[in-house]
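Have a look at the structure below, then the notes.
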Amino acid sequence: MSEKILDVRNLHTSFRTDAGEVRAVNGVSFNLEEGKSLGIVGESGSGKSVTAYSILQILTGNGRVTGGEILFRGEDILKYTPQQMRQFRGKKCSIIFQDPMTSLNPTFTIGNQLMEAILLHTDRTKKEARDRAEELLTLVGVNEPKRRLKQYPHELSGGMRQRIMIAMALSSEPDILIADEPTTALDVTIQAQILELMQELQKKIGMAIIMVTHDLGVIAEMCDEIIVMYGGRVCERGSADDIFYGPAHEYTKGLLRSIPSVNGQKEKLIPIAGTPINLLNMPKGCAFCSRCDNALKICLEEVPEEELVSPGHYASCWLNVKKRMEGSGEAAS
C-alpha cells in the first residue's frame, strides 16, 4: 500500500474584500498517496485553484487559511516558518500555472530562469545547473536544448513554453507536482502531448500529481482519484470509473452532460442551468440547490454530509440519503 504523502483536513480559506469576506474554500478534505494522481474538478469559482494555492501558501495579500490542517508526511505545513515554506515550495512541492507566458519572465532567457530555480533549491554549481537545465529540457521533449536555453519566452510556441514550465517545476525533483489548468491555453493536439508527457514523467520520477482543471475529459485516464468541487466544498469523490460511470451528485451529472460526445452531431449538449453561487452570500443548505432540478426541501436548509455510495465513492447529496432511506423502509424527512 502506498504511503500517504499529503493529508488535507477540513481546510478553510477566505479572502477579505470591501464587499465582505469571500469564503472560497469551506471544509475541504482529501489525501494524496505517493506516486498517485488526484484530479480536482469544478467550474470557475468552485475553489479548486484556491485549494492548490493554500497548500503552497501563495495566496494574495487579502487571502488566508482560516482553519484546518495540511499535513505533508505528517507535519502541518501551516505551522511552518517562512524559511521552511521556502524549502517546501519547489523542493517538496512544485506548481505549473495555467498560462506559461505570464509565468515566465519575458526579460530573461529560458536558461537563466531554469538555472535560477536549480541554484535556489539545490547545491549545484553554475555549470552543473546549466547542464541540469539542458538535461531537463531533453527530459520534457524540447528539441535543440542548448539553443533553447539562449532564447526568450516570446521566441517559443505555447506548447514549448508549457514544457519549459514543467521542466522548471521538476528542477528539484519534487515529491508533489500541482498542475493548475496546465493545458487551458493550448490547442487539443498539444494538450494531449502535455498530458502524455506528465504521465511519462510521473512513472520515471515517481512523484504524486494534483491536477486542477475544469475539464473532466482532461483527467479521464490520468487520475487515480477525482474530487468534484462546487461552491468551495467537495460534493463528490471517487475513482475515475465511479465519477464517469456512476455519478452520485447532481452537479457531477450536469458536468458530464455538458461534455461533447463522439456522436456530438446527433446529441444535444445540456448546460447546467442558472449561474454560479455568490461566495459572499453562501446559501444555508446545499451550495448547488438553486441550480438543481431535483432539489428537496431539506436541500435549502441543511448542508448534506458525505454519504458512502459504494466502496471508496462518496457524495454529499440529500438525494442519496433519501434513496438509502427509501431502500431501507425508513420515512424520509
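Keeping to the range 274-332, report how many residues are part of a helix (DSSP H, G or I), out of contact with any helix residue (DSSP H, G or I) (no Cβ under 7 Å at 6 or more places or on another chain) and either without any contact (Cβ under 8 Å) to a residue 12 or more places away in the chain or farther than 12 Å from E250 by Cβ (or both).
Counting residues in the range 274-332 that are part of a helix (DSSP H, G or I), out of contact with any helix residue (DSSP H, G or I) (no Cβ under 7 Å at 6 or more places or on another chain) and either without any contact (Cβ under 8 Å) to a residue 12 or more places away in the chain or farther than 12 Å from E250 by Cβ (or both) gives 9.
For the condition out of contact with any Asp or Glu (no Cβ under 9 Å at 6 or more places or on another chain) and of a type outside the set (D, E, K, R), what is the one hit in L255, L216?
Checking each option against the conditions leaves just L216.
Sort out which residues of the range 67-84 are surrounded by 16 or more Cβ atoms within 10 Å (Cβ to Cβ) and without any contact (Cβ under 8 Å) to a residue 60 or more places away in the chain, and write them in order of number.
Hits for the range 67-84 are I77, L78, Y80.
In the range 1-51, which residues are within 20 Å of M222 (Cα to Cα) and aliphatic (A, V, I, L, M)?
Within the range 1-51, M1, I5, L6, L32, L38, I40, V41 meet the criteria.
From the list E200, E128, E144, which residue is under 26 Å from I55 (Cα atoms), surrounded by fewer than 21 Cβ atoms within 10 Å (Cβ to Cβ) and either within 20 Å of the chain's Cα centre (by Cα) or not small (G, A, S) (or both)?
E200
Determine whether S49 is outside any loop (DSSP other than H, G, I, E, B) and at pLDDT below 95.
For S49, the condition - outside any loop (DSSP other than H, G, I, E, B) and at pLDDT below 95 - is met.
Show the residue pairs meeting these rules: Cβ distance below 6 Å; 6+ apart or different chains; first residue within the range 238-262 and buried (at least 18 other Cβ atoms within 10 Å of the Cβ); second residue of a type in the set (G, A, S) and assigned to a strand (DSSP E or B).
Going by the 6 Å Cβ cut-off, the qualifying pairs are A248/A315; H249/A315.
Looking only at the range 102-111, which residues are over 22 Å from T184 (Cα atoms) and buried (at least 16 other Cβ atoms within 10 Å of the Cβ)?
Matches in the range 102-111: T109, G111.
The values are calculated or read from the model by the stated rules, or taken from the named source; none is laboratory data. Since the model is a prediction, treat every value here as computed from it, not as a measurement. Cβ: placed from backbone, ideal geometry, glycine included. Neighbour counts: every protein chain shown.
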